[in-house]
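*Asks:* Sharing a structure here in structure tokens format.
Any read-out appearing in this document is the output of simple, stated calculations on the displayed coordinates, not a laboratory observation. This is a predicted model, so every value here is computed, not measured. Note: ideal-geometry Cβ built from the backbone for every residue, glycine included; neighbour counts use all protein chains shown.
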Amino acid sequence: MATHTVSERSTKRIRFWERLYLPEIAKGLTLTFKQMIKPSYTRQYPEEKFEPEASYRGRPVLVQEEFGERCVACGLCSRVCPAIAIEVQAGETEKEKERYPEKFEINMLRCIFCGYCEEACPEEAIVMSRDYELVFNNFDDAIFGKDKLLMPVSQLQERLEYLRQYKG
Ligand code: SF4
Ligand code: SF4
């Protein structure tokens, strides 16, 4: 006479219920009905803005200090950018900083908001902002120069603090 261990018997019982599919269907329907009676929520954008956390990766911006941009035009961000979206041309100054970006452009049609530029920058000079609203009327408008990229450091404090914790 064949004998079965406890684990063999329970395996057979599970397989039988699994073959029926009924418990799983009932579980799925219960979940669906629960969701159906929950109140739905729709954000009334653009009247009701989304306020992202400091960890959010919006468009990259250049940090502007009182003395000017932090960027020293080393070009590291441009090298790591997987979308080849950044173009930097260095200029020389008489100041202590010596180098600055004479030209700094990001093609926002190429940018994929990956944040590699931010990670690579040795000066914390380029960071991901909270700005997610981008509208272009033509290709030229999507090339952001320093006029659109520079953002006062006072507006980026939370992101810079987040980066220090994250990298620390
Ligand atoms: S966020 Fe990524 S894709 Fe966009 S500019 Fe920086 S490195 Fe390039
Ligand atoms: S933003 Fe940073 S990584 Fe890019 S060129 Fe300036 S200093 Fe170098």
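*Asks:* Can you list the HN-Hα couplings for the range 42-57, worked out from phi with the Karplus curve (6.51, -1.76, 1.60; θ = phi - 60°), rounded to whole Hz and with x for Gly and Pro?
*Replies:* The phi angles translate into 10, 6, 8, 6, x, 4, 9, 6, 8, 9, x, 6, 5, 6, 5, 10 Hz.
*Asks:* For the chain, what Kirkwood radius comes out of the mean inverse Cα-Cα distance, in Å?
*Replies:* Details: mean 1/r = 0.0492 Å⁻¹.
This gives a value of 20.3 Å.
*Asks:* What is the calculated FRET efficiency for Y45 to A90, with r their C-beta to C-beta distance and R₀ = 41 Å, to the nearest 0.05? If you can, show how the numbers build up before the last one.
*Replies:* Details: r = 40 Å, r/R0 = 0.98.
After rounding to 0.05, the efficiency reads 0.55.
*Asks:* Just how large is the dipole of the chain about the Cα centre, in debye to the nearest 20, putting +1 at every Lys and Arg Cβ and -1 at every Asp and Glu Cβ?
*Replies:* Numbers: 25 positive and 28 negative charges, 358 e Å.
Here the size comes out at about 1720 debye.
*Asks:* While we're on this one: Just flag the trypsin sites (Lys or Arg not before Pro) in the range 23-55 sitting in loop per DSSP whose Cβ has no more than 12 other Cβ atoms within 10 Å. Walk me through the numbers on the way to the answer.
*Replies:* Values: sites: K27, K34, R43, K49; in loops: R43, K49.
The qualifying sites are R43, K49.
*Asks:* For the range 74-89, in order, what is each residue's ³J(HN,Hα) by Karplus, 6.51 cos²θ - 1.76 cosθ + 1.60 with θ = phi - 60°, in whole Hz (x at glycine and Pro)?
*Replies:* Once rounded to whole Hz, the list reads 6, x, 4, 4, 5, 5, 7, 4, x, 9, 6, 9, 9, 10, 10, 10.
*Asks:* Also: In the chain, with Lys and Arg counted as +1 and Asp and Glu as -1 at Cβ, which of these residues, V80, F16, L160, has the Cα nearest the positive end of the dipole, that is, farthest along it?
*Replies:* So the residue furthest toward the plus end is F16.
*Asks:* Which of C117, C81 comes first, and how do the rest follow, when ranked by fewest Cβ neighbours within 10 Å?
*Replies:* Working: C117 24, C81 21.
Lowest to highest Cβ neighbour count: C81, C117.
*Asks:* Just to confirm a number: summing +1 for Lys and Arg and -1 for Asp and Glu over residues other than A125 whose beta-carbon lies under 10 angstrom from that of A125, what do you get? Provide the component values of the computation, followed by the final result.
*Replies:* On the way: positive: R70; negative: E65, E69, E118, E123, E124.
Neighbourhood net charge equals -4.
*Asks:* So, one more: How high is the relative contact order of the chain? Use alpha-carbon pairs under 8 Å, at least six apart in sequence, and give a whole percent. Write down the numbers at each step before the final one.
*Replies:* On the way: 200 pairs, mean separation 41.9, N = 168.
Dividing the mean separation by the residue count of the chain yields 25 percent.
*Asks:* Quick one: order E87, E118, E102 by neighbouring beta-carbon count within 10 Å, fewest to most.
*Replies:* Working: E87 16, E118 20, E102 13.
If I rank by nearby Cβ atoms, fewest first, I get E102, E87, E118.
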